[in-house]
1. Exactly which GluC sites (Glu not before Pro) in segment 23-118 are in a DSSP loop and have at most 16 other Cβ atoms within 10 Å?
2. Is the shape of segment 33-281 rounded, prolate or oblate, going by the alpha carbon gyration tensor and its root eigenvalues a ≥ b ≥ c, with a/c under 1.5 for rounded and a/b larger than b/c for prolate?
3. Once you order the gyration tensor axes a ≥ b ≥ c over the Cα atoms, which shape class does segment 145-211 get: rounded for a/c under 1.5, otherwise prolate or oblate by comparing a/b with b/c?
4. So who's got an amide H within less than 5 Å of the one on residue 372, skipping anything under 5 residues away but keeping other chains? H placed 1.01 Å off N, in plane.
5. Based on the alpha carbons, how large is the Rg to Rh ratio for segment 311-420 when Rh follows Kirkwood?
6. Output wanted: per-residue J couplings in Hz (rounded whole) for segment 186-194, from phi through Karplus 6.51 cos²θ - 1.76 cosθ + 1.60, θ = phi - 60°, x for Gly and Pro.
7. Check residue 400: other-chain or 5+ apart residues with amide H under 5 Å from its amide H, H built from backbone geometry?
8. Run the numbers on segment 33-281 and let me know its relative contact order in percent, using alpha-carbon pairs under 8 Å that are six or more apart.
Amino acid sequence: MAAFHYTNSQLHMENTAIADIAKNIHTPFYCYSQSTIETAYQNYTSQLKQVEHLVCFAVKANSNQAIIKVLADIGAGADVVSEGEMRRVLKADVPANKIVYSGIAKTKSEMRFALDQGIFQFNLESENELERLSAVASSMDKTANIAFRINPDVDAETHAKISTGKSENKFGIPISRAREIYKHAATLPNIRIQGVDVHIGSQLTSLNPFKNAFKLIHELVVDLRSDGHDINVIDLGGGLGVNYQKDEMANARVIDYCQFIQTLFEDLNCKIVLEPGRSLVAEAGLLISEVVYKKKGEERTFLIIDSAMNDLLRPSMYDAYHDIISVKQDSEDTEIVDIVGPVCETGDTFAQNRELAKLEEGDLLAICSAGAYGAAMSSTYNTRLLIPEVLVKDDQFSVIKARRSYDELIGMDNLAAWQD
Ligand code: LLP
């Protein structure tokens, strides 16, 4: 499902040469392959034929409206965690009845906004949220469709910062108290219980943690039904990992994951909701940069590129590995380099001791699998401008986020009233 290939020694995304985009748009920039995103979505839906399902793109992974619209146009819903995300997905044509609203700290005004839109489901994370939602919905004379996010106390076997399903994590209600909490919810006004929800973490590369958690969810649904609750939606969250280092198994993992889900839940006749983020968009995205300097240090050679940790935070935040490749394929010569950004922190490093085709100042390189949690987590640290984003479709490309100007960025500050 790679988003790119070399033709005539030039890196192409679909049928567009990256170097041609770079002639039009200065580096650094993100670029995304539309067909790779569509294929990733269809990999899920084509596997889930035996159960009623809704695939809700977790837009925190990439919240550009053009990307959301690519998925909305082929039927996807959206998983949102803020009013901002809800506004974005509505603008990008996701119907309200395909929106699930997750997150542990929904405020009253966010709840009001969601109720006004008529969203598909609130995924509640605590009794506090339940009480507040009931009060807000009652004051508006509306009914809120809810599921509780269950914390199954299962180890997701992923990076600690993105593990969410253990009892020590801040997420969800403990599975041991779920029946009692659903019983209470059933007594509250303007609340309609419709489902259960679980999300145990992100970038899971083994299916076992999912299997362990989902079996517990299956048992719980049976128990909740026997308690008299009308459970007809099972939201299994996101979390399926991608291969940041080359490996052909990514599609196989989606197939196995979907097969397991269908087999396990088929008897319950529920609508299955999935909330994938990374696995829909990561592999579709490249971060394109230029080598600004090639600096021979005493011990290492540094390729200092024009993108930095503020553009792609994952390597410095999670020690994440991303493949890095040359845009021009003509060099058989390789060398071992550190690839670093210009920010004044040693953590601003994309790769260490990496063997790469020999690159010189002015050459272009691509950081792979950057379509998820790349642009979405970027910042203007070091007063660097947010970088453009480009969508590629076959031999066309279009700028889906333009570079902002320094005037706009610096103009966001005001001097205090007492400063002249
Ligand atoms: N649903 C919920 C409730 C979530 O919290 C998340 C991700 C997802 C779905 C989507 O998970 P995915 O399919 O993308 O794994 N910034 C980190 C990842 C943070 C994930 C947060 N929650 C990274 O760059 O690895």
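1. Sites meeting the loop and neighbour criteria: 52.
2. oblate
3. Prolate shape, in that a/c is at least 1.5 and a/b is the bigger ratio.
4. Those lying under 5 Å, H to H, from residue 372 are 282.
5. 1.05
6. 5, 8, 8, x, 6, 10, 10, 6, 10
7. Long-range HN contacts for residue 400: 389, 390, 391.
8. In percent, rounded to a whole number, it is 22.
We did not get these values from a lab; they are worked out from the coordinates using the rules stated. Every value quoted in this text rests on a predicted model; they were computed, and no experiment measured them. Cβ: placed from backbone, ideal geometry, glycine included. Neighbour counts: every protein chain shown.
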